[in-house]
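Have a look at the structure below before the remarks.
The values are calculated or read from the model by the stated rules, or taken from the named source; none is laboratory data. Quick caveat: nothing in here was measured; it's all calculated off a predicted structure. Neighbour counts are summed over all protein chains in view; Cβ atoms, including those assigned to glycine, are modelled from backbone coordinates with ideal geometry. These accessible areas exclude ligands, DNA and RNA; they are computed on the full protein's heavy atoms, side chains included. Shrake-Rupley method; radii C 1.70, N 1.55, O 1.52, S 1.80 Å.
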Amino acid sequence: EVNTSIRPEWFYHPSEDGKVKTVPQLMDLYYKSVGRNGSMLLNFPIMPNGLIHPTDEKNALAFAKAVNESFAVNLAVNKKVTASNIRGKSGRFAAAMAVDGNKNTYWATDDNTKAASLTIDLGKPTLFNRFLAQEYIRLGQRVKAFTVEAFVDGAWKELAKGTTIGYKRILRFPAVKATQVRFTITD
C-alpha cells in the first residue's frame, strides 16, 4: 500500500496551500502504486474548519477524472487473440478469456509451462502508450517475468518488460502505432 498526502505534510498548514500535488503528479503516483500491484491511499489534511481545502478538492476531482478518462477505452476487449499454450486445450482457459472484459474469466497455460505468449490482433494500426495486465489473483501471484511487444512496420518491437504482475500492472512507454500486441510470460 502506498500512503501519501495530497500536500507535503499529513496535517493542514496554510503555508502549503500552493504546494498541493498537481494532476500530473497524482497520475505519476497512481502509475507507481496501483500500476505496480499496490493500492494508493491519498491523505487529505483537514482545515481547522473541518473541511478539505478547495485546491485539494479541485485537484482530487481532476485526478479522478484523469484516471477514468485514461482507462475508459480498452483497446483489446473482444479483439482476436491467440496463445502459444492453453491449459488442457480447454475453452474455459482460452486466449479470448484474457480480453473478454470479464474479471472472472482468464487465460491459463498448462501447469508445467513456464513461458508462453498471448498475441492480440488490434485489427488495424492503433496508437497506444500503456499496457495493463492482471493476474487472476484468487489463484495467487504466478508471473515472475514478462515482456510486451508491438508489431510495428512488419517487425516485433519490445515496448516494456517487467517482473511480477499481481493484481494489476500498468506499463507506460512512448506512444506506438501497432497492429498487434504480444504479451510474453518469460518465467
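Results, tabulated for the structure shown:
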quantity	calculated
Residue list for the range 16-36, restricted to those being within 21 Å of T164 (Cβ to Cβ), in a loop (DSSP other than H, G, I, E, B) and open to solvent by 60 Å² or more (accessible area, probe 1.4 Å)	none
Flag for L75 being within 27 Å of T179 (Cα to Cα), open to solvent by 30 Å² or more (accessible area, probe 1.4 Å) and either in contact with a helix residue (DSSP H, G or I) (Cβ under 8 Å, 6 or more places away or on another chain) or modelled with pLDDT of 95 or more (or both)	yes
Residue within the range 169-186 that is surrounded by 14 or more Cβ atoms within 10 Å (Cβ to Cβ), modelled with pLDDT under 95 and polar (S, T, N, Q) present	no
Leading residue by the ranking (most open to solvent (accessible area, probe 1.4 Å)) among those in the range 123-139 that are among the hydrophobic types (A, V, I, L, M, F, W, C) and within 18 Å of P174 (Cα to Cα)	L127
In the range 143-168, the residues that are of a type in the set (D, E) and either surrounded by 14 or more Cβ atoms within 10 Å (Cβ to Cβ) or touching a helix residue (DSSP H, G or I) at 6+ places or on another chain (Cβ under 9 Å) (or both)	E149
Residue selected from the range 44-70 under the condition in a loop (DSSP other than H, G, I, E, B) and open to solvent by less than 70 Å² (accessible area, probe 1.4 Å), by the criterion nearest to W107 (Cα to Cα)	F44
Pairs with Cβ under 9 Å, 6+ apart, first in the range 83-111 and among the basic types (K, R), second part of a loop (DSSP other than H, G, I, E, B) and open to solvent by 60 Å² or more (accessible area, probe 1.4 Å)	R87/D111; K103/Q134
Complete set of residues in the range 103-119 that are in a loop (DSSP other than H, G, I, E, B), of a type in the set (S, T, N, Q) and surrounded by fewer than 19 Cβ atoms within 10 Å (Cβ to Cβ)	N104, T105, N112, T113
